[in-house]
Structure formats: C-alpha cells, structure tokens
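Report on the following structure.
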Amino acid sequence: MCGIVGLFTKDRRLEPELGRLMAAMLTTMTDRGPDSAGFAVYGERQLGCVKVTLRAAAGFDFGKLAERLPSVTEPPVVRDTHAVITIPQEQRLAFEVQLRKIPEVSIVGYGHRMELFKEVGRPAEVARRFDLLSMGGTHGIGHTRMATESAVTTQGAHPFSTGVDECLVHNGSLSNHNKVRRDLVREGLAFQTDNDSEVAAGYMTWKMRQGCSLAETMEASLSVLDGFYTFVIATENGFGVLRDPIACKPAVMAETERWVAFGTEYRALVDLPGIDKARVWEPEPTKAYIWERN
C-alpha cells in the first residue's frame with residue numbers, strides 16, 4: 001500500500017498555497033497509509049545558512065536546547081515534536097558534534113531550503129500538528145504509510161533524508177536492501193533505521209555525491225535496487241519520479257502551465273486548480289521524470 005504525493009509549482013503565485021494543496025493531497029491518501037505520514041517542503045533559502053530539522057519527544061524545550069548550542073544564532077521554529085533551526089553553513093558539522101551529546105534529540109533532515117516533518121498518526125492529524133496548511137514553497141513531497149518492512153515508528157515514517165536538501169518517498173518493497181545497505185556503509189553512509197526505503201534514499205545520495213545528476217542517479221538505481229517500487233525523489237531544485245520495470249505499484253501524473261503533480265491515485269490530484277484541463281498520464285516503467293528549476 002502506502003500513498004505518495006508530490007507538487008512542483010511553476011507559477012510563483014501558487015507558492016504560498018503549496019502547504020494547503022499538499023495537505024489535501026496527503027489526507028486523500030489516508031486509506032493507503034493510516035499508520036504514519038510525513039512531508040518535505042522546500043521554502044526560501046537564506047544565504048550562507050542551512051536549516052536543520054530536529055525531533056524530540058512531545059513537550060521538549062527546543063528553546064533551551066538552542067541556548068545550549070553555541071552554533072545556534074536564531075530562535076528555533078517549533079512545530080509540535082519538531083523544530084527547524086537555522087545555523088551558519090560552516091557551523092553544520094560542529095552543530096552535529098554538539099547534538100550527539102544530547103541523545104533525546106535527533107536530526108530528521110537538513111538543507112538550504114528543505115524542512116522535513118513526520119510522525120505516527122493519520123495523515124490529517126500529522127498535517128494539523130505541523131500546520132502544513134500554513135507552509136509555502138516551490139515544491140514538496142509527502143507520504144502516507146502502511147508499514148510492511150519495519151515497525152510503525154516516527155523514524156520509520158517517510159520521507160527519508162540522507163543528504164543536504166535530498167529526500168525520498170517510496171511505495172513498494174526492496175528485496176536486496178540489506179546487501180545494498182552493507183555496501184553503502186562501507187562507502188561511509190550511516191543509517192538510522194532498518195527500513196528498506198532509507199537504503200534507497202542512501203543510494204541516491206551516494207550517487208549524487210559522486211557528481212551524478214538526479215537523472216543519472218535514478219537511471220543507475222534501476223540496475224542496483226531490486227524489488228517493486230515507485231520513488232519520488234526531491235532535491236533543492238525539484239523532484240523526480242521513477243517506477244520499477246514491472247511498475248505494479250499505481251502512479252499518476254498531471255501537468256498544467258502552473259504546476260506538475262504526482263499521486264499514487266488520481267483522486268489525490270482532483271482538488272488541484274485547473275485539474276480539469278491538465279494533461280494526465282501514467283508514468284512509464286523505468287523512465288525518469290524530472291522537473292527542476294535552474
């Protein structure tokens with residue numbers, strides 16, 4: 001099961017509406033994934049800085065945490081169990097070292113533009129807790145989960161992020177994820193869960209660190225990742241969609257002059273503005289579909 005959504009805005013006037021549109025898309029996919037939900041939104045970039053999304057138990061005082069960390073120069077933006085902390089880019093590694101001394105806090109993701117939120121619970125509740133409706137941005141992806149390969153936990157929820165401004169959502173299962181994980185660990189990557197989808201995210205990060213484009217990375221993954229899957233991979237500039245050679249997992253795309261959207265099912269797209277005039281199609285197996293800003 002699982003449900004995936006993605007939205008890429010071409011019209012800047014839609015950017016303030018990104019969160020509202022994505023919340024409706026995500027909620028529509030509830031019956032495909034009632035266990036947990038998550039989303040990544042790509043907003044404004046602050047020159048010379050990086051955003052770090054953190055997670056802790058409910059009620060944790062992120063304000064006091066910021067006071068303990070010398071690399072933090074701005075108050076955190078707290079959304080329920082998560083907080084986004086903006087730090088100078090050159091302080092990121094030092095920040096991670098400092099954070100390792102505080103085991104009750106974990107890094108969900110980091111990027112120049114990406115903010116990433118996920119929790120256990122029904123999609124509408126997760127969207128409400130993080131106030132997705134108020135968020136704006138150029139693009140975003142989301143996931144509703146029905147667990148198959150690992151436990152129902154916040155860590156096991158999607159999106160998975162293993163690189164700067166990079167994250168992935170996945171519908172399906174990988175049969176060789178343990179082998180690929182071992183190979184990637186030898187290459188220096190670290191994983192927080194035993195989830196097969198995190199391995200796919202790690203592979204994409206590893207290839208792009210080698211200098212591959214998103215298209216090259218997606219095409220290379222077809223000969224490495226074995227199983228049934230539909231991936232939506234987001235970067236700072238946009239997102240891509242990839243289906244396995246059999247393409248047994250449902251997927252639909254739509255495009256207008258104002259936006260490009262992805263949904264596991266068409267009903268996730270029906271409330272988008274201008275959907276009645278959109279070009280709608282089923283993405284072909286093994287073909288990389290990519291929309292990016294320069």
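The values are calculated or read from the model by the stated rules, or taken from the named source; none is laboratory data. Keep in mind the model is a prediction, meaning the values are calculated, not measured. Positions of Cβ are backbone-derived with ideal geometry, glycine not excepted, and every protein chain shown enters the neighbour counts.
Given the structure, is residue 235 at pLDDT 95 or above and either charged (D, E, K, R) or touching a strand residue (DSSP E or B) at 6+ places or on another chain (Cβ under 6 Å) (or both)? Don't jump to the end; show me each part of the working.
On the way: at pLDDT 95 or above: yes; either charged (D, E, K, R) or touching a strand residue (DSSP E or B) at 6+ places or on another chain (Cβ under 6 Å) (or both): yes.
So residue 235 passes the test.
Output the qualifying pairs, or none if there are none: Cβ atoms under 7 angstrom, residues six or more apart or on different chains, first residue in the stretch 275-294 and in the same structural domain as residue 222 (by TED's automatic domain parsing) and part of a helix (DSSP H, G or I), second residue surrounded by 15 or more Cβ atoms within 10 Å (Cβ to Cβ) and not acidic (Asp, Glu).
What qualifies is 275/254; 275/269; 277/256.
Select the helices (runs of 4 or more DSSP H) contained entirely in the stretch 157-265, then report the ones holding at least 1 residues which are of a type outside the set (Val, Ile, Thr), within 25 Å of residue 54 (Cα to Cα) and in contact (Cβ under 8 Å) with a residue 40 or more places away in the chain. Please lay out each step first, then the result.
Details: elements: 177-186, 196-209, 214-221.
Ranges flagged: 196-209.
Taking the stretch 128-148 on its own, how many of its residues are at pLDDT below 95, in contact with a helix residue (DSSP H, G or I) (Cβ under 7 Å, 6 or more places away or on another chain) and of a type in the set (S, T, N, Q)?
0
Which of the residues belonging to the stretch 182-209 are of a type in the set (Gly, Ala, Ser) and either under 16 Å from residue 241 (Cα atoms) or surrounded by 15 or more Cβ atoms within 10 Å (Cβ to Cβ) (or both)? Walk me through how you get there before you give the answer.
Going residue by residue through the stretch 182-209, those that are of a type in the set (Gly, Ala, Ser) are 188, 190, 197, 200-202.
Of everything in the stretch 182-209, those that are of a type in the set (Gly, Ala, Ser) and either under 16 Å from residue 241 (Cα atoms) or surrounded by 15 or more Cβ atoms within 10 Å (Cβ to Cβ) (or both) turn out to be 197, 200, 201, 202.
Filter the stretch 210-223 for residues that are of a type in the set (S, T, N, Q) and surrounded by fewer than 19 Cβ atoms within 10 Å (Cβ to Cβ); which is nearest to residue 239 (Cα to Cα)? Please lay out each step first, then the result.
Here is the first cut: in the stretch 210-223, the residues of a type in the set (S, T, N, Q) are 210, 213, 217, 221, 223.
Okay, now just the ones that are also surrounded by fewer than 19 Cβ atoms within 10 Å (Cβ to Cβ), so 210, 213, 223.
Values: 210: 19, 213: 12, 223: 21 Å.
Out of the qualifying residues, it is 213.
List pairs: first residue in the stretch 15-42 and among the acidic types (Asp, Glu), second residue modelled with pLDDT under 95 anywhere in the structure, Cβ distance under 6 angstrom, at least six positions apart or on different chains.
Final answer for the pair search is 35/145; 35/146; 35/147; 35/152.
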